[in-house]
Structures are given as structure tokens and as C-alpha cells.
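Coordinate-derived values only; no laboratory data. Source: prediction; values computed, not measured. So basically every Cβ, Gly included, is an ideal-geometry build from the backbone, and we count neighbours across all protein chains shown.
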Amino acid sequence: MNSLNLRAATWRRTLAATAVLVAMAAAPGLAKKAPPAPAGPDYPAVLNAAQAKFKDLQEGKNADYIPALAKVDPNIYGIALVTVDGKVFTTGDITSEVSIQSISKVFTMARVVEDQGADAIENNMGVDATGQVFNSIVAVEQYKGAEMNPMVNPGAITATSMVSGASRDEIWNKIIGTYSDFAGRALSVNQEVFKSEAETNQRNQAISMLMYAYGHIKDNPLQACDVYTEQCAVSVNAKDLAEMAATLANGGTNPVTGKTCMSATNVPRVLAVMATAGLYDDSGKWLYHTGLPAKSGVGGGILAVAPGKFGVAVISPPLDAAGNSVKAQKTIAEISNALGANPYAPKPAMVATAAAGKKEKKK
Ligand code: DON
């Protein structure tokens, strides 16, 4: 082939290649497809698997020191997960409700931190784990009502006393309004539970008086105890609790309603106290297995927060000796571990790099 023919052949090949490229651009079906976006977690499958695994578990016993709680159906078992982009997944008894009990402490703390700043909590009852049961009087006596936190009864009743208002009604409306914003619907009180606990809460009244005696509650300690008792009787289902948790996971804005419930800068303070004291004297054990800030209530609910990812909650009334729902602990641990939600766990890429490094060393 002479040089003229060679140039002509090269030119023809270039033209043909250009024609193919133009055709591919015009007909995207012919172009190389972009790789599919990685699929997100299969939340329904994870929730259903956890439910199947624990539904027949019969350990634990309903709380009975509040008589109305002993009468709640121990077989209630509801599971919900709400992602930070507002997707809701549920399984099990999703219409059944339990009283929120100590889980309320998280959201009263949030209200006080929002209104008075995070220092107000730290400077009053403190933010340290007590290592004692949730209604310990020894813990109050040890440091005259300081060096504890808003998740145990003395600190929680004190936090309730810090919610400002010209009347009991005004205080109550602030509290129930806050809880409702976090849950994304108007919550209400289970009057039977409220009455039952109000008739039997002498120990909490004593704790309130002690916190008043030590100067942590400034005024009206018995009203603080009464409002606290009412907040514990707020009725919730698993989805309410998961949405409350998801709001914390989403930096204080409810991902379903879009309502800002607290400022993002205050959220880590609340999560820190949940991490150290949310499951009382078993908080260390819980964190060891899940890495997630969580909060339990003697009504049988537990919620947990995977920051930046999701909130998850389970209701199941039978409790262990520390006052935490047996099934809720196991179910949430199973779900969060299946979803790789432990913030302390290394990312898979880090594990692979570490393994490669080990092999390299062995050579
Ligand atoms: O004050 C009490 O004893 C109850 N209203 C709440 C206790 C509670 O939920 C402890 N949580 N596990």
C-alpha cells in the first residue's frame, strides 16, 4: 500500500470510529451503562429476621412496682426503624402502645438544654454515670445530689423542675409539645398509668425532697415529681420511639416531618448521657455490644440512635433485673449489628487494609 492509500485507510478508520461514538451518544442504550448505585440496606429483611429470631423468647417480667404496668400484655412486641432520610420501616405489633417511662428523660433533658444551654445540666445534677439503680438514694447522698445525670430519677426529676413556666399547665404543655415534635404526632397520657404511679411514687417524692434539700430543685419539689410522673405515662408505639430516635440521629430535625426539635450542636450532649447512663447500671454492657446511645423505660420500650443513619426502637414489656426490656435489647443489638451501625467498629476497608498489612509483615 503506497503512502497515499495508507493515509486514506487511516482516515476511513477515524471516520468510522467517530461515527460509532456519535451514534452511541445519540442512542444512550448503546453507550456503556454507568454501574448501578450500590443498593442500600434491606431494612425490612433485617427487621423481619430479628423479629423471627426473638419472637418466642420468654425471659424477663413486667415491671410491677407501678401496679398498672403489671397488667400490660407481656406479648406486645413492636419494632420500628426510621432513617435520617425519613423512611419508616416497621414490623410486629405496631399499633400497640406502652408508657414511655424513663425514655421521656431524654427529651426533657433536650428541652432544658435547648432553653438553658448544656452547661445548666452539667452544673446542676451533672453528667456522670452513677453505677447505681435508676432510683438510688445512695447516689443522691454520695455527692449531695451532684455527680449524677438526667437519666436517673434524681437527675430526671431535677431536669423536669428546670422546665420553666408560669403554671403547671404551661410547664406540661412545653414538655408534651417537645415529645410530640420529636415523635411527629400529638402524643397523650395514659391516665391509668399516671394515676397508678402517682399513688405509689413515694420513693420519687422522697428523692425530689432530697434534691430540693441539697439545692438542685429550686422550688416546688412535689410538683416537679408530679409532672415527672405524668411525663413517664405518655403513651407511645414503637414507631413513635423510632421517630424520636431518628430525630436525634438526624441532628435534631425530625426526618419525617422536617420540624427542627433541637439545635444540632446540642444533640451530642444528649447522646453522650444516653451512652453512659441510658441503660443504667447495664449501660457499659450495652455500649460494649452495640456502640449506640440508647434509652430504656420500665414500660418495655428501648430506643437507640445510630447518628447520621437511623433511629430504632422496640417495645416489649418483660424486663431484666436492671429494668431494661429483654427482647428490646436483643432485637436492637441484632438489628444494629446487622446494619453495621456501631460507630466504633472499623469500616470494612480498614479491616481489609489491616489484614493486608498483617500478611505483608509475615512474608
Ligand atoms: O420513676 C420511675 O420509677 C418510672 N416512672 C420510670 C423508671 C424507668 O423507666 C426506669 N427505666 N428503665
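How far apart, in nanometres, would the label points at A264 and A45 be if each is projected 7 angstrom from Cα along the Cα-to-Cβ direction?
Calculated label separation equals 3.2 nm.
Go ahead and run the numbers for FRET between D56 and K285, Cβ-Cβ distance against an R0 of 25 Å, rounding to 0.05.
Details: r = 24 Å, r/R0 = 0.94.
It comes to 0.60.
Ranked highest first by average number of other Cβ atoms within 10 Å, how do 220-226, 240-246 line up? Numbers along the way, then the final one.
Working: 220-226: 20.0, 240-246: 29.9.
Most protected by this proxy first, the peptides run 240-246, 220-226.
Among rounded, prolate and oblate, which fits segment 91-187 when a ≥ b ≥ c are the square roots of the eigenvalues of its C-alpha gyration tensor, a/c under 1.5 means rounded, and a/b larger than b/c means prolate? Working shown, then result.
Details: a/c = 2.26, a/b = 1.36, b/c = 1.65.
Judged from the Cα gyration tensor, segment 91-187 comes out oblate (a/c at least 1.5, b/c at or above a/b).
Under 5 Å between amide H atoms, partner at least 5 residues away or on a different chain: which partners does N190 have, H built in plane at 1.01 Å?
V234, S235
Enumerate the amide H contacts of I217 below 5 Å, restricted to partners 5 or more residues apart or on another chain; note that Pro and chain-start residues carry no placed amide H.
Residues meeting the amide H criterion: Y212.
Can you work out the PRE-style zone for Q142? Point 7 Å along Cα to Cβ, and I want the residues of segment 200-241 with backbone N under 20 Å.
Label zone hits: 204, 206-217.
Find the percent of Cα-Cα distances in segment 142-182 that exceed 11 Å, and round it to a whole number.
On the way: 557 of 820 pairs.
Every Cα pair in segment 142-182 considered, those over 11 Å come to 68 percent.
Sticking with the crude label model, points 7 Å out along Cα→Cβ, report the distance from A272 to Q202 in nm, one decimal please.
About 3.9 nm separates the two model spin labels.
Run the simple label-point estimate for I94 and D64 please: 7 Å along Cα→C-beta, distance reported in nm.
3.4
So how long is each side of segment 187-307 along the principal axes, counting just the alpha-carbon atoms, biggest first, in Å?
37, 30, 27 Å, listed from the longest principal axis down.
Shape verdict for segment 58-128, please, from the Cα gyration tensor: rounded (a/c under 1.5), prolate (a/b greater than b/c) or oblate. Walk me through the intermediate numbers first.
Values: a/c = 3.13, a/b = 1.44, b/c = 2.17.
Oblate, because a/c is 1.5 or more while a/b does not exceed b/c.
Spelling out what I want: for every residue of segment 72-79, take phi, set θ = phi - 60°, compute 6.51 cos²θ - 1.76 cosθ + 1.60 (Karplus), and round to whole Hz; glycine and proline get x.
Along segment 72-79, the couplings run 6, 4, x, 8, 4, 8, x, 10 Hz.
Take the residue pairs K105/K218; K71/K174; K144/K218; K174/K285; K87/K259; K61/K174 and return only those whose Cα atoms are more than 22 Å apart. It would help to have the intermediate numbers written out before the result.
Values: K105/K218 19 Å; K71/K174 30 Å; K144/K218 14 Å; K174/K285 34 Å; K87/K259 15 Å; K61/K174 33 Å.
Pairs exceeding the cut-off: K71/K174; K174/K285; K61/K174.
Can you order the peptides 208-217, 46-55, 294-303 by their average number of other Cβ atoms within 10 Å per residue, highest first? Walk me through the numbers on the way to the answer.
Working: 208-217: 20.2, 46-55: 17.7, 294-303: 29.7.
Taking the mean over residues of other Cβ atoms within 10 Å, the ranking is 294-303, 208-217, 46-55.
Given the -39500 (n - 2.57) contribution per DSSP H run of 4+ residues, what per-residue ellipticity at 222 nm results for the chain, rounded to the nearest 500 deg cm²/dmol?
Values: 16 runs with 184 residues, N = 363.
Only helices count here, giving -15500 deg cm²/dmol.
How much length is gained if the chain between A338 and S167 is pulled fully straight, taking 0.36 nm per residue apart and subtracting their Cα-Cα distance, in nm to one decimal?
Working: separation 171, 0.36 × 171 = 61.56 nm, distance 4.72 nm.
Gain in length upon complete extension: 56.8 nm.
What is the set of long-range amide H partners of G301 at a cut-off below 5 Å, with H atoms built 1.01 Å from backbone N?
Here S316 satisfy the definition.
If Lys and Arg each add +1 and Asp and Glu each add -1, what is the summed charge of the other residues whose beta carbon sits under 13 Å from the beta carbon of Y214? Please list the in-between numbers first.
On the way: positive: K144, K218; negative: E141, E147.
Every neighbour counted, the sum reads 0.
So what is the relative contact order for the chain, in percent, with contacts set as C-alpha pairs under 8 Å and at least six apart? Mind showing how you got there, number by number?
Values: 678 pairs, mean separation 82.2, N = 363.
Averaging sequence separation for qualifying contacts and normalising by length gives 23 percent for the chain.
What are the extents of the Cα atoms of segment 161-210 along their three principal axes, in Å, largest first?
Sorted largest first, the three principal extents are 33, 26, 17 Å.
Write down the Å³ per residue value for the convex hull defined by the alpha carbon atoms of the chain. Don't skip to the answer; put the middle values down first.
On the way: hull volume 80.7 nm³, N = 363.
Convex hull volume per residue, Cα atoms: 222 Å³.
Work out from phi, with θ = phi - 60° and the Karplus expression 6.51 cos²θ - 1.76 cosθ + 1.60, the ³J(HN,Hα) of each residue of segment 342-347, listed in order in whole Hz, and give x for Gly and Pro.
5, x, 8, 6, x, 5
Once the piece of chain linking N220 and D128 is laid out straight, how much longer is it, given 0.36 nm per residue of separation minus the C-alpha distance between them? Can you show the working numbers first?
Working: separation 92, 0.36 × 92 = 33.12 nm, distance 2.53 nm.
Roughly 30.6 nm would be gained on extension.
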